[in-house]
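All remarks here apply to the structure that follows.
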């Protein structure tokens, strides 16, 4: 696990294929986290797309709240979820860290 995370941070590897076995949350949280894990390296999705895929297109804020409860920020790459308008959006660990992760993946987002 350590080698995968270090490799990701050094831009040597793109996919961290670790199963988050210990995440606890509501059924909706888990669905959001699973959908987020499916967003490929170097790509983004937005809060409303995740909400729709989770079964409630109007639950954009709930998606943000679920992502805010994500404690495995590289394994469940919530930094890849941005606003519909292409702007950065929120991040529980701060905008600078979200920008850093997006930069590692070569993702350009309006800040």
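Below is a table of values for the structure above.
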read-out: Hits in region 1-34 (condition: surrounded by fewer than 11 Cβ atoms within 10 Å (Cβ to Cβ), closer than 20 Å to residue 102 by Cβ and touching a residue at least 12 places away in the same chain (Cβ under 8 Å)); value: 15
read-out: Extreme residue, nearest to the chain's Cα centre (by Cα), among residues of region 37-77 that are more than 15 Å from residue 25 (Cα to Cα), in a helix (DSSP H, G or I) and in contact (Cβ under 8 Å) with a residue 40 or more places away in the chain; value: 37
read-out: Hits in region 75-105 - residues which are over 16 Å from residue 8 (Cβ atoms) and surrounded by 20 or more Cβ atoms within 10 Å (Cβ to Cβ); value: 81, 82, 89, 91
read-out: Residue satisfying all of: in region 52-74; surrounded by 19 or more Cβ atoms within 10 Å (Cβ to Cβ) and within 13 Å of residue 36 (Cβ to Cβ); modelled with the lowest pLDDT among these; value: 70
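The values are calculated or read from the model by the stated rules, or taken from the named source; none is laboratory data. No experiment lies behind these values; they were computed from the predicted model shown. All Cβ positions, even for glycine, are placed from backbone atoms using ideal geometry, and neighbour counts span all protein chains on display.
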